[in-house]
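Each value in this text was obtained by applying a stated rule to the coordinates, not by laboratory testing. Bear in mind the structure is a predicted one, so any value in this text is a computation, not a measurement. No Cβ is skipped: glycine too gets one built from the backbone with ideal geometry, and neighbour counts run over all protein chains shown.
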Amino acid sequence: MTATDFNTMVVRHSDFLKPYAVSLTQNHEDAKDLFQETMMRALINKEKYEFGTNLKAWLYTIMRNIFINNYRRNKKFTKVGNGDIPSDIHMHTAGKTAYNSGWNNVRMTEIKTAIDSLPAIFRLSFELHYTGYKYQEISDLLIEPLGTIKSRIHFARKILTAQLER
């Protein structure tokens with residue numbers, strides 16, 4: 001397949017990407033940026049496309065991955081505008097807030113007790129995840145399949161939620 005053939009195929013499928021970009025971003029300007037980034041990456045990585053496979057699905061996957069990466073990148077940064085400062089920040093800077101750690105201490109004791117009461121098979125996976133280990137790291141550490149680790153953590157969360165609901 002020549003570069004011209006590939007470019008023609010990509011342009012033919014580009015009309016399907018625009019509504020998908022809008023549905024992901026919920027904003028027309030961001031959708032245009034996402035669409036342009038997708039087209040650019042598709043043309044740059046045309047050698048990675050395997051002729052005969054579903055080009056439309058390949059383009060959708062590129063767009064979805066770009067959107068997810070941008071979302072994760074933007075999630076790390078908190079944006080505070082001029083008038084968007086919460087009122088409790090003003091109270092804190094003025095010295096008008098009172099802090100009582102009693103309720104937090106009671107609640108943390110309840111949470112620790114609930115975690116300690118988990119079955120051992122769930123507790124270890126959950127505690128490792130809670131302390132910051134990623135699923136794959138836990139899987140490697142415990143020599144268990146990744147799906148098993150994910151399900152153990154999921155069930156531990158369900159048990160804890162049921163125990164701690166009020």
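Using a cut-off of 29 Å between alpha-carbon atoms, which lysines can reach LYS56, once sequence neighbours fewer than 8 places away in the same chain are excluded?
LYS18, LYS32, LYS46, LYS48, LYS75
Which distance in nm do the two modelled labels at LYS112 and THR161 give, with both placed 7 Å along the Cα-to-Cβ direction?
2.5 nm
Compute the FRET efficiency between ARG12 and LYS32 as 1/(1 + (r/R0)^6), taking r as their Cβ-Cβ distance and R0 = 30 Å, and round to the nearest 0.05.
0.95
Could you compute how fast the range 3-75 diffuses translationally, taking Rh as the Kirkwood radius over C-alpha pairs and applying Stokes-Einstein at 10 °C with viscosity 1.306 mPa s? Give it in µm² per second. Write out the running numbers ahead of the final one.
Values: Rh = 12.5 Å.
Calculated translational D: 127 µm²/s.
Percent relative contact order of the range 115-164, based on C-alpha pairs within less than 8 angstrom and at least six residues apart?
Dividing the mean separation by the residue count of the range 115-164 yields 44 percent.
At a Förster radius of 22 Å, what calculated FRET efficiency corresponds to the Cβ-Cβ distance of SER151 and THR61, to the nearest 0.05? Please list the in-between numbers first.
Numbers: r = 26 Å, r/R0 = 1.18.
It comes out at approximately 0.25.
Sticking with the crude label model, points 7 Å out along Cα→Cβ, report the distance from LYS76 to LYS46 in nm, one decimal please.
Here the modelled spin labels are 3.3 nm apart.
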